[in-house]
Amino acid sequence: MALKCLRNLRASLNTLRIRRRLERDGAKVGRDLSAPSRFFWGPPAALVIGDRATIGAGVTLTVGETRSGFGRLVIGGDFFINRYSMIDCCIRITIGDDVRIGPHAYICDFDHDIRSGPSPKIGREHIGSPVLVENHVWIGANAVILKGVTVGEGAVVGAGAVVTRDVPRLAVVAGAPARVLRIRDMNNLPSRGDGPPQNSLRS
């Protein structure tokens, strides 16, 4: 029991240090953040995280730079991202409220330009397009979501899926490339009035 209490205390202190560092440098972080270790690389002012976010061990969130400036990463409330997942942002990635991401998933809003043909510079230029993950979405383990994609409200992205195009609201998708398997029963989706504030999509 004493060992468990000590571990919980260390985890709380780590989270407090991470939160203070991010907020000091301009990030907007909601209440009740849980993060066991550093998870963000990039300019903190480009990061917004809502209330009650849980960041798993080994998670990496990055905001990089293109010729037009740094990207922006906006994450809503009641967010959970499991261990060793990565969100790689250079343009804009927006994640709504009540989103769950399984382990080893990858979300990015850019790609490397390979159109120039074989040369020493191949892949050095970025091609980007914003990504939007709407409210109440589940993203399974090892799933990949690529640039320009919108994942609709209440959708489920199966484990190992590679999402290259928009996912409709309430759709269950799987495969590489991902395809729609079925549409969920909308009666099982949390009501808009009872859920957390949907402020992340307007940040």
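Taken together, the values in this text are just the output of simple stated rules run on the coordinates, not laboratory data. Bear in mind that the values here come from a model prediction, so they are computed numbers and not experimental data. Reconstructed Cβ throughout: ideal geometry from the backbone, glycine too, with neighbour counts over all protein chains shown.
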For a Förster distance of 30 Å, can you work out the FRET efficiency between the beta-carbons of S68 and E23, rounded to the nearest 0.05?
0.70
Give me Rg over Rh for segment 26-143, both radii from the alpha carbons and Rh done the Kirkwood way, two decimal places.
1.00
